[in-house]
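Below: one structure, written as structure tokens.
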Amino acid sequence: MSAPPFEVLLTAGAEQDLESICQYIAQFDSPAQADHVLEQLVRAAQKLATYPERGGHPKELLALGIREYRQVAFKPYRIIYRVLGNKVYVSLIADGRRDLQSLLARRLLR
């Protein structure tokens, strides 16, 4: 018998990240591309329900000695999350080309 799946939850910040990413893509590319990226990011996050430990640790946080967060990607986007009990909390969804060191510090370490 397999273990029950984990519940994947997006924080308010992660939901806002998705909204901002989609708005940007819709404005500078197309609404269809924004929908595609949204679908892929949500799919990548939902896959964490079956095996959340598969993601690696963000190097920006490892450099600070923080190992409680993990990440998966739908390039160039990174989904930063942590597992608490049987829940996966997605804390940040960001374009990996951004300065993630300061973004992670502001969002996760406050």
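Just a few scattered comments:
- The residues packed around residue 52, meaning those with a beta-carbon under 11 Å from its beta-carbon, carry a net charge of +3 if Lys and Arg are +1 and Asp and Glu are -1.
- Solvent-accessible surface (1.4 angstrom probe) belonging to residue 67, in square angstrom, nearest 10: 150
- ³J(HN,Hα), Karplus 6.51/-1.76/1.60, whole Hz, each residue of the stretch 70-81, x for Gly, Pro: 10, 8, 10, 9, 10, 4, x, 8, 10, 10, 9, 8
- Residue ranking by accessible heavy-atom surface, 1.4 Å probe, largest first, among 75, 59, 47 comes out as 75, 59, 47.
- FRET efficiency estimate (nearest 0.05) - Cβ-Cβ, residue 73 to residue 105, R0 25 angstrom: 0.80
- Annotation: average projected area of the chain is 7.3 square nanometres, based on the convex hull of Cα atoms across all directions.
- For residue 8, residues with placed amide H under 5 Å, excluding near neighbours: 88
- Candidate residues 42, 37: accessible-area rank, largest first, probe 1.4 Å: 42, 37
- If you take all other residues with their beta carbon under 14 Å from the beta carbon of residue 6, and give Lys and Arg +1 and Asp and Glu -1, the sum is +3.
- The largest accessible area among 36, 57 belongs to the first residue in 36, 57, and the rest follow in falling order (1.4 Å probe, all chains).
- Per residue accessible area in Å² of the chain, where ligands, DNA and RNA are left out and the probe is 1.4 Å: 61
The values are calculated or read from the model by the stated rules, or taken from the named source; none is laboratory data. Computed from a prediction, not measured in an experiment: that's the story for all the values here. Here Cβ is always computed from backbone atoms with ideal geometry, including for glycine, and neighbour counts include all displayed protein chains. These area figures cover heavy atoms from the full protein model, side chains too; ligands, DNA and RNA do not enter into them. Shrake-Rupley method; radii C 1.70, N 1.55, O 1.52, S 1.80 Å.
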